[in-house]
1. By counting other Cβ atoms within 10 Å of each Cβ, how are Glu10, Glu4 ranked from fewest to most?
2. Can you give the alpha-carbon Rg of the stretch 2-54 over 2.2 N^0.38 Å, where N counts its residues?
3. In whole Hz, with x marking every Gly and Pro, tabulate ³J(HN,Hα) for the stretch 17-27 from phi via Karplus 6.51 cos²θ - 1.76 cosθ + 1.60, θ = phi - 60°.
4. To the nearest 500 deg cm²/dmol, what mean residue ellipticity at 222 nm is calculated for the chain from DSSP H runs of n ≥ 4 alone, each contributing -39,500 (n - 2.57), summed and divided by the residues?
Amino acid sequence: MLGELISVKETSIAVSGTHGKTTTSSMIGTILAYAKKDPTMVVGGLVIILTQIQN
């Protein structure tokens, strides 16, 4: 599923590692959302700020 999602996008960012993936992914997604880049995100946790940006 993730491979197919990533393959349709011109640019992709992946975050890996042992600790901090959700935090880092949330920060990247928030920056892109504020920049009006309309990011598609797959994050393993709740990103509260993104619901506030959409409203």
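Derivation of every value follows stated rules applied to the coordinates shown; laboratory data play no part. Quick caveat: nothing in here was measured; it's all calculated off a predicted structure. Don't worry about glycine lacking a Cβ; one is built from the backbone with ideal geometry, like all the others, and counts go over all protein chains shown.
1. Numbers: Glu10 4, Glu4 7.
Arranged by neighbour count, lowest to highest, Glu10, Glu4 become Glu10, Glu4.
2. It is 1.13.
3. With coefficients 6.51, -1.76 and 1.60, one gets x, 8, 10, x, 5, 5, 4, 5, 4, 5, 5 Hz.
4. -14000 deg cm²/dmol, from helical runs alone.
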